[in-house]
1. Rank by packing, highest mean first: peptides 368-377, 83-92, 579-588, with packing defined as the count of other Cβ atoms within 10 Å averaged across residues.
2. Anything over 32 Å Cα to Cα? Flag those among Lys155/Lys274; Lys207/Lys288; Lys232/Lys521, in the order listed.
3. Dipole of the chain (Lys/Arg Cβ +1, Asp/Glu Cβ -1, origin at the Cα centre): which of Ser481, Pro218, Val643 lies farthest to the positive side?
4. Size of the dipole of segment 454-540 about the Cα centre, Lys and Arg at +1 and Asp and Glu at -1 on the beta carbon, nothing else charged, in debye to 20?
5. Once the piece of chain linking Leu629 and Asp44 is laid out straight, how much longer is it, given 0.36 nm per residue of separation minus the C-alpha distance between them?
6. Collect residues whose amide H, placed 1.01 Å from N in the peptide plane, falls under 5 Å from the amide H of Asn549; neighbours closer than 5 in sequence don't count.
7. How far, in degrees from 0 to 90, does helix 614-652 lean away from the longest principal axis of the Cα atoms of the chain, to the nearest 10?
8. Which Cα, out of Thr568, Leu629, Ser494, lies furthest along the positive dipole direction of the chain (beta carbon charges, K/R +1, D/E -1)?
Amino acid sequence: MNTTTFGWRPVGVPGLLAWLTLVLAWPVSAGAEWKQLGLGDGDDGNESSPVHVIELFSKMSELPDAEPAGIAPGEEGPAHPFNLGATCGRCHDVEAISKGWHFNSAADGVSPGRVGEPWVYVDGGTFTQVPVSGRDWPGVADPAEVGLTPWEMVKRFGHHMPGGDYGMLIDQGEDGLERLDVAGRFEVNCLACHNGSPLQDQSEAAKQIALENFRWVPTASSRLGDVSGSTKGLDPFFDFEFPDMAGTDEKPPAVSYGSHIFNHSNQVCFDIAKKVPARRCYFCHSVKGADDHECGDEHGGGVAESTGGYPHDQDVHLAAGLTCADCHRNETDHMIVRGYEGEGSPESGGSLRASLSCQGCHLGEDESAGRFGAPRPVHRGIPFVHFEKLACTTCHSGSAPQKTPGQVKTARIHNTGAHYPGHYEHESPAVFSPVFAEYCDDKLTVSRLMWPAYWARLKDEALTAIPPAVVAEAAGDVLASGEEGEGEGAGALSDEQIVGALEALGDDAELGVAVYVSGGKLYQLNGQGQLESSKHEAAGPYTWPLAHNVRPAQQSLGAKGCGDCHTTDAAIFFGEIPVVSAVASAQGETLPMTELAEEDALYWWAFNASFVFRPMLKVVGFSTAGLLLLILLAYGLAGLRHVSRSVAAGARD
């Protein structure tokens, strides 16, 4: 009998072959599983941080099947930027990560969630400032609607993008397709958030975006390589493998790696922070006063909306030692917890997300409440109706309400935080904060506000924005004919200019009549060709809720009593929001806070006025109650005396 001895047990040849097949197949299937999950993804329960000593890989071709090449110091030929998809993708599921919240605004089928801060497309030549987003938020325009291709989205707003999203779609447009092979895609920049090194420089990332060096952003911003030159002006067919043969006067991007960053195995050490440090969030999520750096003075009190600086206090959660990622968590899919009430519905992630909202953490009833030792507030003396009608942030977040809300600048809208030569902050649009508005949960919520201005088509009461490029082509001469001047109305549109521009745009039987939106009003021509203005729901201001900074409890609304809100001049009800209009005849108008919140001003004035008499009413009420109690007590004693006498008389009989 033909047998093979393996250890102590005889195994036949067929059995040995079957056994070897299973043994050899196990690593293959296990390796496939690791590749599917991502070697560096998930959580094995160990709290230590993995050490990232890894090779760098470049990928200069945008073809899907292009193979990445390793990077080593001193190699022949021009040095190329490293590609994070090829470098990080050897262990991480970059495809799953690229669908996360920060990278999916252009994707189909993604729930938009509660409205948020938009990008704002500003075009001074056509008097346009319109909020745009790929998310289906009420009041924003889709980028394609206003003529913004993915290439233009990155060019205009990439300074505060972490990559991915529109950066991976730049070939979906003639302008981006032509420049794709030269500029590259703006891939997800993992290091923008997860690099723990103090050298990570998002200002440098913004500079590379301005230079159209999309492919070079991770290399330059990490400071692992010095990048010089620009793809601007390069021929679309420029070959980076043979830069000297291109015959161009432009200096193409070039990378210089320091030999000291590589070890003997040509590997580089990355200081990767699994839990994103707060300082990485600040570049895109900072706010400051628009007029000066001391917006605390402008907004009243010592707590302003700025995220730092001498006159400003930190958010109470940061001051207590928490970081952004303690609440704004994510799994491998990078679907960040936004933390608003209602996000924790079963459809959107269940109780974990619910417990990471203000209410879930501080007022929750299940075992997940009270995270990080969050105190449970007593809210002594505050009627329950306040919790039905107000969001937590209304009383606890942002700057203290003022009669006239102050202007702020946000990092993403106004391009703050970059410091390279030639960088400038955007002055438009004017963003006002705090204001108070209601959203889908019908709760009054502290918010920020801007006034859109754009040309549009009106059909069936719906507005569709006209791309500024179309407006400029049809009516550019009319819009440029205004007179220069100083003072109120200078540089604004005259009624005659609006009439001329609307006539130049003309009416379209299919798309609708031409209109102009600015300052909450809709301007259109009547049957006689005269300009008329009216209020229109779609022409109103765009608002979005804010959550930070959270003020200390002693500085929250109501901490000093009902008079914080319930007076006849309380800013939360009777503040006046400046209306920013590009129309000269509409300058100087304001919007009452009650109108923004869709509340009855007369009712709230009368209701708040009643609080003047409430101390007296309390005295009268308690006195009356005491008097009634004495009367009832007297009658009760008299009745008791009568009963006792009757009982005594009956006993004698």
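1. Order by mean packing, descending: 83-92, 579-588, 368-377.
2. In this structure, Lys232/Lys521 exceed 32 Å between Cα atoms.
3. Val643
4. 300 debye
5. 203.8 nm
6. Placed amide hydrogens put Gly398 under 5 Å from Asn549.
7. That works out to roughly 60 degrees.
8. My answer, from the dipole projection, is Leu629.
The values are calculated or read from the model by the stated rules, or taken from the named source; none is laboratory data. Quantities reported herein were computed from a predicted structural model and do not represent experimental measurements. No Cβ is skipped: glycine too gets one built from the backbone with ideal geometry, and neighbour counts run over all protein chains shown. Side chains included, ligands, DNA and RNA excluded: accessible areas come from the protein's heavy atoms. Shrake-Rupley method; radii C 1.70, N 1.55, O 1.52, S 1.80 Å.
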